[in-house]
Amino acid sequence: MFSKLFLSISKIAFASILFCLFVSCQNGIDAFTNTDTIDERAKFCDVKPRADIGEKYAIVVITDIHLERGNSDMEDFVSFIDSYEFGSAKKAYCIVMGDIANGGKVSEYEKYLEFRTELEAQGWQVFCTVGNHDTYASGDYGRNYMKVIDFSTFFRIKLPETSLYVVDTGDGTLGTKQFNRLEKEMKADGNKKLVFSHYAPYSDDVHYSLLNDTESAKLLSLYSKENVAFVFSGHTHIHNEKTFGKFRSVSVGSILHDEEVRNFAILFVDEKAKSFNCVSVDF
């Protein structure tokens, strides 16, 4: 009688532990049952760079726009950036670092494509990668994103002196295949490098970290060794900056109106001088 009671209690306790693990995990049960989704999305490719940007250009970095939650925010941003003074820097790229959608709906990505068209009309070439809301919020593991955006989540834009690497960390990890390819490409690339992804390579707060500490350590080591100048990330909705050895990690805020401070970043690049100037913009 006692042994049966003990066995029943043990089963309940084990089920409770599993439930807590699934619920507390950043990506819930999806992170345990869908480990290959990054490999489906993150197929490396090189994107042909613009030929008209010259030696001095600007890269605008935005993240966590959560469309539906903040439909008007993108309109505010489009208007604000249109009137911003870039001096002698050519408008080049706008990188969107994930959480485009709030609920992962196709309608949200279609709305994003409208805003992308408006930015392109101003002279920006717009690229994006996925965030955690894009990959699991609607329960389709990022397939709605891929259907509408129709582009890889892991790619490089290689300019004469600078290479932009856009990386998929939407599931809280790069995965082995993506990390190995990133390492391979960076080692063979002699340019100064800029990295853009949803999650930062490291965070003091476990809620905003990659799921695997070993992966974080390997990324920090890779970026330090392979001539990375800046690593941009989102997810936290708060602007924050840290220096890790030879590179600067910039967490970009959100342009959502219900944030205490609306924030994005601009990186001014001088190819000839091989210089970078990052400006955090509150609006």
Checklist entry - Across the range 185-208, what is the number of residues that are among the hydrophobic types (A, V, I, L, M, F, W, C), in a helix (DSSP H, G or I) and more than 23 Å from ILE59 (Cα to Cα)? => result 1
Checklist entry - For ILE9, are the conditions met, namely being modelled with pLDDT under 50, over 22 Å from SER233 (Cβ atoms) and either over 21 Å from the mean Cα position of the chain (by Cα) or assigned to a helix (DSSP H, G or I) (or both)? => result yes
Item to check | Yes/no for LYS187 being in contact with a helix residue (DSSP H, G or I) (Cβ under 7 Å, 6 or more places away or on another chain) and basic (Lys, Arg) | outcome: no
Item to check | Residue selected from the range 55-83 under the condition over 23 Å from the mean Cα position of the chain (by Cα) and touching a residue at least 40 places away in the same chain (Cβ under 8 Å), by the criterion farthest from PHE155 (Cα to Cα) | outcome: ASP82
Item to check | Every residue from the range 69-83 that is surrounded by 14 or more Cβ atoms within 10 Å (Cβ to Cβ) and not in a helix (DSSP H, G or I) | outcome: ARG69, GLY70
Next on the checklist: Every residue in the range 116-129 that is more than 21 Å from SER197 (Cβ to Cβ) and either hydrophobic (A, V, I, L, M, F, W, C) or crowded, with 19+ Cβ neighbours inside 10 Å (or both), please.
Outcome noted: ALA121
Checklist outcome for this item: Quick count over the range 222-241, residues being without any contact (Cβ under 8 Å) to a residue 40 or more places away in the chain, in a strand (DSSP E or B) and more than 16 Å from SER163 (Cβ to Cβ), is 3
Item to check | Residue pairs meeting the criteria (Cβ under 6 Å; at least 6 apart or on separate chains; first in the same structural domain as ALA229 (by TED's automatic domain parsing) and among the hydrophobic types (A, V, I, L, M, F, W, C), in the range 207-219; second surrounded by 15 or more Cβ atoms within 10 Å (Cβ to Cβ) and not in a loop (DSSP other than H, G, I, E, B)) | outcome: LEU210/SER216
Item to check | Single residue of the range 182-208 satisfying the filter (among the aromatic types (Phe, Trp, Tyr) and touching a Ser or Thr at 6+ places or on another chain (Cβ under 6 Å)) that is surrounded by the most Cβ atoms within 10 Å (Cβ to Cβ) | outcome: TYR199
Next on the checklist: Quick test for you: out of ASP140, ASP168, pick the one residue that is crowded, with 21+ Cβ neighbours inside 10 Å and part of a loop (DSSP other than H, G, I, E, B).
Outcome noted: ASP168
Checklist entry - Looking at this structure, is ALA217 surrounded by fewer than 22 Cβ atoms within 10 Å (Cβ to Cβ) and not charged (D, E, K, R)? => result yes
Checklist entry - Which of the residues belonging to the range 242-272 are in contact (Cβ under 8 Å) with a residue 40 or more places away in the chain and not in a strand (DSSP E or B)? => result SER254, ILE255, LEU256, HIS257, ASP258, ARG262, GLU271, LYS272
Next on the checklist: Against the definition (among the acidic types (Asp, Glu), crowded, with 21+ Cβ neighbours inside 10 Å and out of contact with any His (no Cβ under 6 Å at 6 or more places or on another chain)), how does ASP150 come out, yes or no?
Outcome noted: no
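The values are calculated or read from the model by the stated rules, or taken from the named source; none is laboratory data. The shown structure was predicted, so the numbers you read here are calculated from the model rather than taken from an experiment. Methodologically, a virtual Cβ is constructed for each residue, glycine included, from the backbone with ideal geometry; neighbour enumeration extends over all protein chains shown.
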